[in-house]
1. Is there a residue being touching a Lys or Arg at 6+ places or on another chain (Cβ under 6 Å), more than 8 Å from chain A (Cβ to nearest Cβ), outside any loop (DSSP other than H, G, I, E, B) and within 21 Å of B:ILE131 (Cα to Cα) anywhere in segment B:61-82?
2. Anything in segment B:24-45 that is in a helix (DSSP H, G or I) and touching a residue at least 60 places away in the same chain (Cβ under 8 Å)? List them, or say none.
3. Which condition number does A:GLU48 fail, the rest of (1) in contact with a strand residue (DSSP E or B) (Cβ under 9 Å, 6 or more places away or on another chain); (2) acidic (Asp, Glu); (3) not in a strand (DSSP E or B) being met?
4. Report, by residue number, each residue of segment B:40-58 that is in contact with a helix residue (DSSP H, G or I) (Cβ under 9 Å, 6 or more places away or on another chain) and not hydrophobic (A, V, I, L, M, F, W, C).
5. Within segment A:110-129, can you find the residues that are surrounded by fewer than 20 Cβ atoms within 10 Å (Cβ to Cβ) and closer than 24 Å to B:GLN88 by Cβ?
6. Is it fair to say B:GLY13 is in a loop (DSSP other than H, G, I, E, B), within 17 Å of B:SER146 (Cβ to Cβ) and either under 13 Å from the mean Cα position of the chain (by Cα) or of a type in the set (S, T, N, Q) (or both)?
7. Going by the structure shown, is B:LEU156 farther than 16 Å from B:GLY13 by Cα and either away from chain A (no Cβ under 14 Å) or in contact with a helix residue (DSSP H, G or I) (Cβ under 9 Å, 6 or more places away or on another chain) (or both)?
8. If A:ILE98 passes every condition in (1) in contact (Cβ under 8 Å) with a residue 12 or more places away in the chain; (2) surrounded by 18 or more Cβ atoms within 10 Å (Cβ to Cβ); (3) closer than 27 Å to B:GLY91 by Cα but one, which one does it miss?
2 protein chains.
Amino acid sequence: MMERKRIIGVDPGSLHTGYGIVESGKGGLIRVLISGTIHLSPRKPFTERLGLIFRELVKIIKEFRPCGMAIEDVFCAANPKTALKLGQARGAALLSAITEGIPVYEYSPLEIKQAVVGYGRASKNQVHRMITTLLGSHVPGDSHASDALAVALCHLNSEKLRNLSKVR
Amino acid sequence: MMERKRIIGVDPGSLHTGYGIVESGKGGLIRVLISGTIHLSPRKPFTERLGLIFRELVKIIKEFRPCGMAIEDVFCAANPKTALKLGQARGAALLSAITEGIPVYEYSPLEIKQAVVGYGRASKNQVHRMITTLLGSHVPGDSHASDALAVALCHLNSEKLRNLSKVR
């Protein structure tokens, strides 16, 4: 029997950080417990924004007690300036998991698309549509929250595959 | 009379994070309370390294209770990949200040060199030599710790100038 698994997916950004908690239960049924986006005003000092990302995610982890955090593995960015900002936001998100003592699982954009849409070169729009189809009406229109749910789903699907290969 | 000021300077990096605490006392006398480098093995998972940077800096801030953190303001990096890594390490360092409730002061490389050497285009070696001259034998050979002390000194010098202009 498959045990109940609860995972937080995060899509970090210095202006919008998406998050979503999904749980897989009996019969592989997956449900969304919460999803949303932390919006960070560009007028706020950057350090304040980092603090907000960290504190909000810590609050959610404390409340829902997921067994791990799934996050996109970023290897490249448009330019060094964007990469620096993204890196700091990602660092704040990772630290919320680290300080709460839950493991971090990283997946490449290709793995996420493959796991959700079944096709590694799927568009952002296709991923969003698939997330809505898979998770139903709980999914917000916001692409950040939907991206966070996608990486969480990717983790659950990868776990499922790992368990299947163990049975064999 | 100038009040006693204690500041932590940090030079973040995903493999070496330098830190140093300086204190300015009576007559503008500046002394180093502690300085060092957190060395992070590239064989350790990246998230573990971020956790180490955060925890070590939190420990030092709790022990020495500086009134602020001074850190170099980074606008550019060699390439997006390096920038992402540096960004995450910088995010971990900033969060140690944010969670401990001390303000962060950012200075450009030009401001740091100007404040320490009196010349914005000084070489890394010149900065290191000047730090040794200004702070004496407490300064380690390590360039990361010395860079951390340089930004802390830059903050103290800028504060001094601000105070002087207030008196005028």
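The values are calculated or read from the model by the stated rules, or taken from the named source; none is laboratory data. Because the structure is a prediction, the values reported are computed rather than measured. When we count neighbours, we look across all protein chains shown, and the Cβ atoms used for this are built from the backbone with ideal geometry, even at glycine.
1. Checked segment B:61-82: no residue is touching a Lys or Arg at 6+ places or on another chain (Cβ under 6 Å), more than 8 Å from chain A (Cβ to nearest Cβ), outside any loop (DSSP other than H, G, I, E, B) and within 21 Å of B:ILE131 (Cα to Cα).
2. Looking only at segment B:24-45, we keep the residues that are in a helix (DSSP H, G or I), and these are B:26-28.
Passing the criteria: only B:GLY28.
3. Unmet condition: (1).
4. Restricting attention to segment B:40-58, the residues satisfying the condition of being in contact with a helix residue (DSSP H, G or I) (Cβ under 9 Å, 6 or more places away or on another chain) are B:40-42, B:44, B:46-58.
Those that are in contact with a helix residue (DSSP H, G or I) (Cβ under 9 Å, 6 or more places away or on another chain) and not hydrophobic (A, V, I, L, M, F, W, C): B:SER41, B:PRO42, B:LYS44, B:THR47, B:GLU48, B:ARG49, B:GLY51, B:ARG55, B:GLU56.
5. Correct list: A:LEU110, A:GLU111, A:LYS124.
6. Working: in a loop (DSSP other than H, G, I, E, B): yes; within 17 Å of B:SER146 (Cβ to Cβ): yes; either under 13 Å from the mean Cα position of the chain (by Cα) or of a type in the set (S, T, N, Q) (or both): yes.
Yes: the conditions hold for B:GLY13.
7. On the way: farther than 16 Å from B:GLY13 by Cα: yes; either away from chain A (no Cβ under 14 Å) or in contact with a helix residue (DSSP H, G or I) (Cβ under 9 Å, 6 or more places away or on another chain) (or both): yes.
Taking the combined requirement at face value, the residue satisfies it.
8. For A:ILE98, the exception is condition (1).
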